[in-house]
1. Given contacts defined as C-alpha pairs under 8 Å and at least six residues apart, what's the relative contact order of segment B:1-138, whole-number percent?
2. Among the complete DSSP H segments of chain B, which ones combine at least 18 Å of alpha-carbon extent along their axis with a mean Kyte-Doolittle hydropathy of 0.0 or more?
3. What FRET efficiency do you get for B:Ala143 and A:Val66 if R0 is 22 Å and r is their Cβ-Cβ distance, rounded to the nearest 0.05?
4. What ranking do B:59-69, B:114-124, A:81-91, B:27-37 get when scored by the average of other Cβ atoms within 10 Å per residue, highest first?
5. Collect residues whose amide H, placed 1.01 Å from N in the peptide plane, falls under 5 Å from the amide H of A:Arg71; neighbours closer than 5 in sequence don't count.
6. Give the span of chain B's Cα atoms along each principal axis, as three whole-Å numbers ordered largest to smallest.
7. Under a 5 Å amide H to amide H cut-off, with H placed in plane at 1.01 Å, what residues pair with A:Asp28 once short-range neighbours are removed?
Amino acid sequence: VSHPRAHLDELIHQPIRFSIVAALASADELEFRYVRELVSISDSTLSRAGSQLEQVGYIQIRKGHVGKRPRTWLSLTEQGRAAFHRHCDALRDIVGESVRSEHEAVESADARTNPEGRPTPRRPHPNGPTLAGSKQ
Amino acid sequence: MDSAREEAQEALATAAANRRTVVQRAPWEYRVYLAWGLFVLLMLPPFDFVDHNLWGPVILVVAACGMAATAHYFRQRGGQVRLQRALKESRWRWVWSLYGVWYLGVVSAARLVESSHSLAWSVAALAAGLPLIAIGAAQAVGAK
């Protein structure tokens, strides 16, 4: 079984491109300047990242007008949307895998310090609910 | 916590934050229904207590500002974010046409009975405002 890291999309993984794709995944279309402000990047950086994503077919760039003003619209293609979802699944798997690894490490440490197999007090799961609200 | 996990969590948090920001920025129809519902609820009852000649122009001015604000809201936000589900909750032309007829009926009725009923306009405000609030609330729930 391959590590979830192997399922990450190289192109989407880069932080700026990831932010752009994540924003586009939430809407049907976003206006160029809005994406630029949302991701806090310059026109040229967005243009470059947009071109890279367009070349692989992840996004579509459409020129249009709002009134008389020219506008550029960015949208995710079906392929881009699918790639983003796969990438997010891989990220979630990495988070889960890491939690499982930590949990297994704790369990094996318990087994080493308690070889007779006596029940040990249950440790809170690293990703589980906190006990902040309960009585100690 | 290893760095890969940290990085993955950070990326997922970024995606969630971007999603929230974009969705928040979309031109949501339900907000307009709620705003106009509130307008009607707040602006009609004073007719029970204030001179019509005084309050009528106030309503006209506020309504004109409201229409300008509504147009600006859709133009500005629709010019940045296009999100189909924010706008396809209702057939807004039908809703506003039917509501317009209802509103005129309610206002005409209030005008007819205002001399005999001291709270005619307050009741009219409820009858005219609550349907918009209900539509807006239903859409807001659907939007979540």
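1. 48
2. What comes out of the filter, once short or polar helices are dropped, is B:29-43, B:52-78, B:92-113, B:120-143.
3. About 0.35, to the nearest 0.05.
4. B:27-37, A:81-91, B:114-124, B:59-69
5. A:Gly64, A:His65, A:Val66
6. 76, 28, 24
7. Sorted by chain and number, the residues that satisfy this are B:Arg82, B:Leu83, B:Gln84.
Coordinate-derived values only; no laboratory data. Everything numeric in this text was worked out from a predicted model, so none of it was measured. Neighbour counts are summed over all protein chains in view; Cβ atoms, including those assigned to glycine, are modelled from backbone coordinates with ideal geometry.
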